[in-house]
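The structure under discussion appears below in the form of structure tokens.
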Amino acid sequence: MKSESIEPYVIGNVFVVIELICISFYYGKQLFSRKAAFRALHILLILGFITQTIFNGIYEFNFLGLGILCTVYIGYGIAGYLRIIQSKEIIYVTRLPFFWINSAFFLYATSGCLLFLFTPFLKAESLQLILALWTNFFVAMNILRYIFIGIGLYKTKKVEA
Amino acid sequence: MALSVIFFVVLHQRKVIRHQLELNELESQKQMELLQASIQSEEEERQRIAAELHDDVGATLSSARLFLHQAEKYSTSPELIKQSGQLVDDSIRKVRDISHKLQPGTLQALGLHTALQALSEVYKRSGSLKFDVLPASNLPRLDAHTELHVYRIVQELTNNIVRHSKATFIVLQVATMNNELSVTLQHDGNGMDDKSYEEFRQQKSGIGLKNISNRLRFINGKIAFTKQGNTAFITEVQVPFIH
């Protein structure tokens with residue numbers, strides 16, 4: 001999207017990188033047994049996003065990069081669910097903090113993925129449509145995301161107690 | 001779509017848990033059945049040995065005693081024969097006691113309290129300690145299996161007290177309370193508490209205590225070990241009624 005139609009999103013790009021680091025740190029502990037593989041993957045993702053942002057222009061929000069990262073988060077979500085299903089412990093999933101936090105990120109990623117991937121290809125005339133989609137759908141999913149994260153954090157406190 | 005994936009995971013996991021719980025239940029049931037079969041075969045073996053002791057060895061010893069009594073009249077050393085006769089008498093008594101311990105004939109015929117009184121007589125005769133059974137009024141007859149299990153539990157507990165605690169007396173009381181049978185053993189020897197009972201039960205050599213624990217499981221019973229004052233230990237067995 002052209003920079004004259006949308007305000008500079010340098011902070012937005014930085015937010016995406018920090019979000020990537022935080023989500024990767026969480027999933028690294030939960031899913032990756034080999035730390036070297038985890039580190040290699042995330043360094044690649046961070047470098048890939050930064051490179052693409054620079055290529056697009058740092059003052060433009062990197063929707064495509066975020067869309068690609070959302071597909072990675074979808075992969076994490078599915079891997080998380082597989083880990084839960086394959087677990088040999090007899091425990092109801094709704095009692096697991098990981099289930100809720102994984103669901104939160106999975107919802108966020110699935111709701112944002114297509115939106116972020118196709119936004120750069122929509123014309124400027126579709127800006128109103130994008131804003132409507134963003135406000136109504138994505139923000140609503142974000143509300144659910146934070147509710148799930150809240151439940152996950154509450155369950156974590158319960159488990160630790 | 002994401003929500004449907006989440007619902008699928010939740011439902012799938014609940015199905016797996018239900019299945020796992022059913023499997024655990026079946027395994028637990030199977031273990032109980034195996035345990036029951038093991039105890040049943042042990043009881044049958046005891047019955048067989050008791051019968052053989054009584055019918056075979058006991059009968060032979062009784063015959064030997066008769067011959068010795070006859071020989072005493074005609075022998076040149078009657079004192080020797082008399083001593084031999086006393087030894088045979090002792091052996092007959094011991095065989096009878098062993099047979100009684102293996103298979104309490106009074107239990108089925110006359111009930112738990114009478115069988116426990118007979119058990120106390122066996123220990124009293126041995127002279128190792130004083131053993132009193134307090135009278136019990138209006139004690140209902142229980143299910144045959146329950147009575148047998150309770151009898152064996154008391155027998156094992158008494159055996160342990162005699163062998164390990166150096167007690168000089170045991171007092172046994174059988175009572176009913178809140179639809180439960182309560183059997184209390186009080187003694188003045190070295191006893192144990194609930195914690196040490198669990199510790200001994202886990203040990204390899206704790207077969208007797210494991211037996212007690214298994215029998216209690218069959219009859220939904222409970223056991224508690226407490227110390228009363230400085231010198232007395234009380235063991236209480238509680239079993240719900242099944243008439």
With a Förster distance of 22 angstrom and the Cβ-Cβ distance between B:Q108 and B:S38, calculated FRET efficiency to the nearest 0.05 equals 0.55
per DSSP, antiparallel bridges as share of beta bridges in the stretch B:79-186, % nearest 5, sits at 65
Ordering A:76-84, B:57-65 by per-residue average of other C-beta atoms within 10 angstrom, highest first, gives A:76-84, B:57-65
Volume per residue (Å³) of the convex hull spanned by the alpha carbons of the stretch A:52-126 is 98
For B:K195, the aspartates and glutamates lying under 20 Å Cα to Cα, once residues fewer than eight places off in the same chain are dropped, come out as B:E156, B:E236
Heads up, the stretch A:18-157 by the C-alpha gyration tensor (a ≥ b ≥ c square roots of eigenvalues; a/c under 1.5 rounded, else a/b over b/c prolate, else oblate) looks oblate
Within chain A, the cysteines whose Cβ lies no closer than 4.7 Å to any other cysteine Cβ are A:C22
Relative contact order as a percentage, chain A, C-alpha pairs under 8 Å and 6+ apart, gives 26
Per the 1/(1 + (r/R0)^6) rule, R0 = 60 Å and r from the Cβ atoms of A:L153 and B:F67, FRET efficiency to 0.05 is 0.10
Quick calc, B:N179 & A:A79: beta-carbon distance into FRET formula, R0 56 Å, rounding 0.05, result 0.50
If the chain between A:K88 and A:F137 were fully extended at 0.36 nm per residue, the gain over the current Cα-Cα distance would be 14.0 nm
Dividing the mean separation of Cα pairs under 8 Å (6+ apart) by the residue count of the stretch B:62-156 yields a relative contact order in percent of 20
Length-normalised contact order of chain B, Cα under 8 Å, at least 6 apart, in percent, tallies to 14
Computed ³J(HN,Hα) along the stretch B:195-200: with the Karplus parameters 6.51/-1.76/1.60, θ = phi - 60°, integer Hz and x for glycine or proline, the list is 5, 5, 4, 4, 5, 5
Rounded to one decimal in nm, the spacing of the 7 Å Cα→Cβ label points at B:Q20 and A:L144 is 2.7
At 25 °C and 0.890 mPa s, the Stokes-Einstein diffusion coefficient in µm²/s for chain B, with hydrodynamic radius from the Kirkwood sum on alpha carbon pairs, is 115
Kirkwood-based Rg/Rh on the Cα set of the protein assembly as shown evaluates to 1.35
Under the 7 Å Cα-to-Cβ spin-label approximation, B:F200 and A:R95 lie apart by a distance in nanometres of 3.5
Of the listed links B:K101/B:K210; B:K130/B:K210; A:K155/B:K210; A:K157/B:K227, those spanning more than 29 angstrom between alpha carbons are A:K155/B:K210; A:K157/B:K227
Measuring from the longest principal axis of the C-alpha atoms of chain B, the long axis of helix B:78-102 (C-alpha) lies at a number of degrees, nearest 10, equal to 20
Here, B:A59 and B:K124, labelled 7 Å along Cα→Cβ, have an inter-label distance in nm of 3.2
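Values in this text are rule-based calculations from the coordinates and carry no lab data. Since we're looking at a predicted model, the values are computed, not measured. Note that we place each Cβ from the backbone using ideal geometry, even for glycine, and neighbour counts take in every protein chain shown.
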